[in-house]
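Everything below concerns the one structure shown next.
Derivation of every value follows stated rules applied to the coordinates shown; laboratory data play no part. Owing to the predicted nature of the structure, the values given are computational and were not obtained by experimental measurement. So basically every Cβ, Gly included, is an ideal-geometry build from the backbone, and we count neighbours across all protein chains shown.
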Amino acid sequence: MSVNVTPTPRLTSRPDGTSGKNRKVKPPSSPAARRSRRKEALWGFAFIAPAVILFAVMGLYTVGYGFLLSFAQWNGFWPDWNWVGFDNYADLLWRSPVYSPIVHDAAWNTLWVMIAVPVLTVAIAFPLAVVLNSVKRLSGVLRSIYFLPYVTTGIAVYFAWQYILEPNGALNLLLKSVGLGSLSQPQGFLGNPDTALPTLIIVMVWSAVPVAMLLFLTGLQTMDSSLLEAAQLDGAGWWRTQFSVVWPLLRPITAVIVLLNLRDSLQGFQIFLIMTNGGPGNATNVLGLETYRLAFLNELAPTLGLASALGWILFVVALIVAFVNQRAMRRLG
Amino acid sequence: MSASAVSTPRRATGAPSKERAPRNPRTIISRSVVGLLLALYAAISLYPFAWMVSAAFKDNEEVLEGGHLIPRNPTLQTFSDTWSQLHFFDYFRNSLQVTLLTTVLVVVVYAAASYAFAVLRFPGRTALYRLFLVLLFVPGVVTLLPIVLLEHELNILGTHWGLVLPFVNGTAPLAVLLLTNAFSTVPSELRESARMDGAGELRVFASIYLPLARPALITIALLTAIPTWNEYQLTRVSLNDPDSYTLPIALQAMQSESVVQYNTLMAAALILVVPIVLLFLSAQRYFVNGLMGAVKG
């Protein structure tokens, strides 16, 4: 299908018009058909050209650049990179007395987020979807309300949460007014190192439930209802039906939800950057935030290479997690 | 779920409104539990917005007291000051510009690319498609720094185009995935018969595929517009000139400038949140269908 010479000489040598290269494409292949195929390929290139050009510049180039930079030392202003081989990776993972402890702490925090956010999100979104699917009245309105956290996730809502979570904020007052004053936090929920990370995890779950719920809901609505009726005829009660029929049938959707949330927990750091900036101390520092700090918040220190290396470590972990998740879900299924 | 699914056909055959499932105490209890759960989660979803609105309508003294949700002396003063004196009208316009440009470009560029991936045959199709999808796993933070350095070289750092181009490319994996799925569900006979009638490729794309994929197109437009409107990470390190600030950065600047005045801050947050909520509500119908198509496909 490549740039073919004029079809006429070929035609005489091969009556069916297929060249060696074109063998994969099925016959019959008259000159007219081949011409139209070539035209189709040209149109194909024309249609993808803008996407590919943008991808080459903003995607491939930047990814490649970041990869190279992960083997160098640079502060953004030096005229030249200082090549250091795998030093950045070694420093981050175990060697540097300055960076490796920070990375280890951030890795633990990230791990907690990666476990808690997907599990809690599924644990809330699945029952919510089942219950929402069982009501007819108001279900549209409720769905819109439940979706607000996703639509507004960002700095505005994080500031609103900060307002609620501060020492004399709404949550402390609510707890006191219902007699749970012992649970209130005099330093604010984000000021206490013990409660800061769990609090952020809960806000993250709050933001993640809408998409998960909607995906479960679409799964429930496209489910073959004869299976459910069959289960009922076999005498399975409501709970039994949910656990033994509905939940297993929705496993592919659960896999997608878990994967999306794992990815976001591993890589996302916006909420940490805005609400705590990793504090108090390093209690809410995560790997994504540490990468951002090394890249942008370290002024003139030559940590750009370190930042790139940490970013690539995150990328590799993300691929491993995606792979493991896929295998695990297949085995369970 | 099961109860309603099973009872529907029975109701259809019987008298439509009068005859319902017999109301024994158990169904009444389970119904009120369901209602309670749904209401509780609605309250949780709305909780921060309630306080956002509450603070935005309080005056400077009252907001310091905290404690009560309903303002005693509701005032629009904070709101109008934020809008005019703090230049939130300008920031609003900047945000609108960036979000519109990004969304339009995403829809145009990736609708075309996905049409090629789903319908046309050309060498390298599968490899390119996979390459786009792998990008889904590249952490945004990996490309953030190279993007800033590259844009510095190209002299677009700090401009709105410097935000739009990486945003568009960042949406690529999702857009290609969703739209390719949507286009490949269109029966190929439609294209073939249109081609027989002499319609060109552009014509087939514009008058057959685009209209049929409308839910998916609106879905991807929303999935682009929402995060773009809220984007913070790249914008924060790109924009230096306050005149070019988008709403999230203006909000951030407001917080770091002085002692936090929560009524002003929440009024600004409300200005940020309300447009995107309205947009979502108006296009929600398509959004749900579009996502369903994506899941099924």
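Computed quantities for the displayed model
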{"item": "Helix A:193-221 vs. chain A, principal-axis angle (Cα, 0 to 90°, nearest 10)", "result": "50"}
{"item": "Kirkwood-based Rg to Rh ratio, segment B:61-161, C-alpha trace", "result": "1.21"}
{"item": "Pairwise Lys count, the protein assembly as shown - Cα closer than 27 Å, eight or more residues apart or different chains", "result": "6"}
{"item": "Projected-area average for segment B:81-296 over all orientations - Cα convex hull basis, square nanometres", "result": "14.2"}
{"item": "For segment A:87-332: span of alpha carbons on each principal axis (Å, largest first)", "result": "69, 48, 29"}
{"item": "Backbone N within segment A:243-257 under 17 Å of label point (7 Å from B:Thr185 Cα along the Cβ vector)", "result": "A:253"}
{"item": "For chain B, calculated [θ]222 nm from helices alone, where every DSSP H run of n ≥ 4 adds -39500 (n - 2.57)", "result": "-24500 deg cm²/dmol"}
{"item": "Shape metrics for segment A:92-138, restricted to C-alpha atoms - Rg then Dmax, Å", "result": "19.4, 61"}
{"item": "Simple Cβ-charge dipole of segment B:81-296, Lys/Arg +1 and Asp/Glu -1, about Cα centre, in debye nearest 20", "result": "900"}
{"item": "Farthest positive-ward along the protein assembly as shown dipole, Cα basis, beta-carbon charges - from A:Ile201, A:Thr121, B:Phe49", "result": "A:Thr121"}
{"item": "Residue (of B:Ala172, B:Phe92, B:Ser184) at the positive-pole extreme of chain B, dipole from beta-carbon charges", "result": "B:Ser184"}
{"item": "Computed label-point distance, nm, for sites A:Trp81 and A:Ser182 using a 7 Å Cα→Cβ extension", "result": "5.8"}
{"item": "Relative contact order of chain B, pairs being alpha-carbon contacts under 8 Å that are 6 or more residues apart, as %", "result": "28"}
{"item": "Quarter of the Cα convex hull surface for segment B:191-270, i.e. its orientation-mean projected area (nm²)", "result": "8.2"}
{"item": "Cα extents of the protein assembly as shown along the three principal axes, largest first (Å)", "result": "93, 82, 50"}
{"item": "Cα radius of gyration and Dmax for segment B:107-195 (Å)", "result": "16.1, 50"}
{"item": "Residue-span extension gain [A:Ser144 to A:His104] - 0.36 nm each, minus C-alpha spacing", "result": "10.4 nm"}
{"item": "Degrees, to the nearest 10: A:304-332 long Cα axis against longest axis of chain A", "result": "80"}
{"item": "Net dipole in debye of chain A [+1 Lys, Arg Cβ; -1 Asp, Glu Cβ; about Cα centre; nearest 20]", "result": "2080"}
{"item": "Helix A:99-134 vs. chain A, principal-axis angle (Cα, 0 to 90°, nearest 10)", "result": "90"}
{"item": "A:Val316-A:Asn282 FRET efficiency (beta carbon distance; Förster radius 22 Å; 0.05 resolution)", "result": "0.40"}
{"item": "Helical contribution to [θ] at 222 nm, DSSP H n ≥ 4, -39,500 (n - 2.57), averaged over chain A, rounded to 500", "result": "-21000 deg cm²/dmol"}
{"item": "Kyte-Doolittle mean at least 0.5, axial Cα span of 27 Å or more - DSSP H helices of chain B", "result": "B:25-56, B:88-119, B:160-184, B:262-296"}
{"item": "Square roots of 5 times each gyration tensor eigenvalue, C-alpha, segment A:172-272, largest first, Å", "result": "38, 20, 10"}
{"item": "Positive-pole candidate from A:Ile274, A:Leu306, A:Val321, dipole of segment A:87-332, charges at beta carbon", "result": "A:Val321"}
{"item": "Relative contact order [Cα under 8 Å, 6+ residues apart], chain A, whole percent", "result": "24"}
{"item": "Residues of segment A:224-239 with amide N under 11 Å of a point placed 7 Å along Cα→Cβ from B:Leu37", "result": "A:239"}
{"item": "Cβ charges +1 (Lys, Arg) and -1 (Asp, Glu), total dipole of the protein assembly as shown, debye", "result": "3600"}
{"item": "Most mobile of B:Leu279, B:Leu223, B:Leu37 in a GNM of chain B (Cα contacts under 10 Å)", "result": "B:Leu37"}
